[in-house]
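Working notes, structure below.
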Amino acid sequence: MEAVEKPQPEAPAPASPPGPHGYSPQREAHVKRLRRIEGQVRGLQRMVEEDVYCIDILTQVSASTKALQAFALSLLEEHLRHCVADAVTEGGPEADDKIAEATAAIARLLRT
């Protein structure tokens, strides 16, 4: 009889710093933008359900992808202007941590 390997629990995500965050003043605009993107993705689902031509679906996938990328860049800019700039102004190890965190986020965005 083979032993069944139990899945290991995931490490808890690090706690997010308390707000307000760089995007907070534009929160409503961001939510509105994300709802538009959500509608685009639901439209993709409908297109597949309705057996729409592949190229037409791919065109909409491209539009949805670009919309998410634009949102990510906007959020990144706000993070740099607010969170990273504040940390750099204060100096110390927190500044290095925020720069490393932003660099890792940029690297993730570039991989997509």
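The residue that is farthest from R36 (Cα to Cα), among those in the range 54-67 that are open to solvent by 50 Å² or more (accessible area, probe 1.4 Å) and of a type in the set (V, I, T), is I55.
Among A95, A102, A70, which is among the hydrophobic types (A, V, I, L, M, F, W, C), surrounded by 11 or more Cβ atoms within 10 Å (Cβ to Cβ) and within 15 Å of L34 (Cα to Cα)? Before you say what the answer is, go through the steps one by one.
Details: A95 fails: within 15 Å of L34 (Cα to Cα); A102 fails: within 15 Å of L34 (Cα to Cα).
The match here is A70.
Kindly provide the set of residues from the range 37-53 that are loosely packed, with under 13 Cβ neighbours inside 10 Å and either at pLDDT below 95 or closer than 30 Å to Y23 by Cα (or both), ordered by number.
Here is the first cut: in the range 37-53, the ones loosely packed, with under 13 Cβ neighbours inside 10 Å are 38-39, 42, 45-46, 48-51, 53.
Selection gives E38, G39, R42, Q45.
The values are calculated or read from the model by the stated rules, or taken from the named source; none is laboratory data. All values reported here derive from a predicted model rather than from experimental measurement. Virtual Cβ from ideal backbone geometry, glycine too; neighbours counted across all protein chains shown. Quick note on the areas: whole protein, heavy atoms, side chains included, nothing else; ligands and nucleic acids left out. Shrake-Rupley method; radii C 1.70, N 1.55, O 1.52, S 1.80 Å.
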